[in-house]
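In what follows, a single structure is set out as structure tokens and then discussed.
Since every read-out is calculated from the coordinates, none of them should be taken as a lab result. Since the structure is predicted, the reported quantities are computational estimates derived from the model, not experimental observations. Positions of Cβ are generated from backbone atoms using ideal geometry, with glycine treated the same way; all protein chains shown enter the neighbour counts.
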Amino acid sequence: MTKSQSAAIVSAIGLLTGSITIFTLLTDPSDQVVTLLVRSFLPLCFSTILVGAGWWMHTQGLSQTVTKRILLWLFVVGSLMMAFEFATILFQQAEGVVLADRIATVHNGFVRGAVIGVAIGLYDGQRMITEQREKQLQRQNDRLDTFASTVSHDLRNPLTVAKGNLELLRMDVKNHDTLFSEIETAHDRAEEIIEDALTLARDGAIITNAEPLELDAVSTAAWDSIDAPNATLSIVEATTIDGDRARILRLFENCLRNAVEHGGAAVSITVGTLPTEDGFYISDSGPGIDPETGEDVFEQGYTTNEEGSGLGLAIVQTIAEAHGWTVRLRESTAGGARFEFVTEGSTEPIEAKAS
């Protein structure tokens, strides 16, 4: 439901309840001031507040989270107040007291509760937005800490290698070809670490431009960038997911590259949808991951490859969390690694492909 739809529903409820109040007043008028005040004037004021609240929601550009919470609390508190009034009527009937305007009493209870619900929903929605911003700020701080740690620690090794080879080059000019090659390798390694660290820092931002993506198309596009002619990729069941295309491509590239690096040149990789949850998985036929290691593979800096940065799977987890997903590590049916991504929202299977 969009923000405009939520605002329109709030205003429509205000118009509907106001119309019911006016109809009741016209069909069952009263000369008593107190009765007019309780049965007509106050409910009309509350209905007007609801109409104004809907218009205000439309013009203020509130987030979808806030408008949904307002609508939810409107119905919850309104229904509770209506149920309370109805229970009161039943209790009074049991005591022998019969109200002449029972329907109006229940209706007015809903209107009062709806106004209270709008106020509660506005507070609750703003609270949720504040918590989300605090979490995002914490993630940004964590990414900055990781970036600083990577730059200060992981870059030291390749730079030390390059510096040492330069010293050797000054003393032994004859072997300059070999030394230059080692210096170039060290610099390439430093560049790779910087790129991974920047990716980790950037890709943790909250997703704001999600679009529907076909799982098989994204998998195939990522697979095209992997240099593994003897490995195979199979998509047993495709689906549609919502996400940022560039980041989802990077997620798949890192998972596929990880499978090739640890599973061997002829590894078999499978992509499919989760059987009982909304989401997808990426599994391989490699040697798998030590059970004692478990979720440590997602830790920043964890690697079993001396030439690895230890940020590949950390980037995968960061991208998944930025989409609001949960990533889990399991053992595949072939005994290898299986990365499961539980997404929010429903998925619709489409024609599967293999490559």
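What distance in nm lies between label points placed 7 Å from Cα along the C-beta direction at Asn230 and Leu72?
5.3 nm
Please report Arg112, Arg247 as a ranked list, fewest other C-beta atoms within 10 angstrom at the top and most at the bottom.
So the ranking, lowest neighbour count to highest, is Arg112, Arg247.
Amide H of Asp242 versus every other amide H placed in the peptide plane: which residues, excluding those fewer than 5 positions away on the same chain, fall under 5 Å?
Under 5 Å from the amide H of Asp242 lie the amide H atoms of Leu213, each far enough along the sequence or on another chain.
Mind listing the phi-derived Karplus ³J(HN,Hα) values for segment 46-55, rounded to whole Hz, using 6.51, -1.76 and 1.60 with θ = phi - 60°, and x for any glycine or proline?
5, 5, 5, 4, 5, 4, x, 5, x, 5
Relative to the present Cα-Cα distance, how much length would full extension add between Gln126 and Ala12 at 0.36 nm per residue of separation? Please list the in-between numbers first.
On the way: separation 114, 0.36 × 114 = 41.04 nm, distance 2.31 nm.
Gain on stretching Gln126 to Ala12: 38.7 nm.
Starting at the first residue of segment 324-329, write each ³J(HN,Hα) from the Karplus equation 6.51 cos²θ - 1.76 cosθ + 1.60 with θ = phi - 60°, in whole Hz, x for Gly and Pro.
Result, ordered by residue: x, 9, 10, 10, 10, 10 Hz.
Label points 7 Å out from Cα along the Cβ direction at Leu44 and Glu321: separation in nm?
Placing both labels 7 Å beyond Cα along the Cβ direction yields 5.6 nm.
Can you give the percent of C-alpha pairs in segment 211-342 whose distance is more than 23 Å?
Details: 2078 of 8646 pairs.
So the pairs more than 23 Å apart make up 24 percent of the total in segment 211-342.
Could you list which residues have their amide H under 5 Å from that of Ile235, counting only those 5 or more apart in sequence or on another chain, with H placed in the peptide plane?
Val271, Lys353, Ala354, Ser355
Taking other Cβ within 10 Å of each residue's Cβ, how do Arg257, Arg133 sort, fewest first? If you can, show how the numbers build up before the last one.
On the way: Arg257 16, Arg133 11.
Neighbour counts put them in this order, fewest first: Arg133, Arg257.
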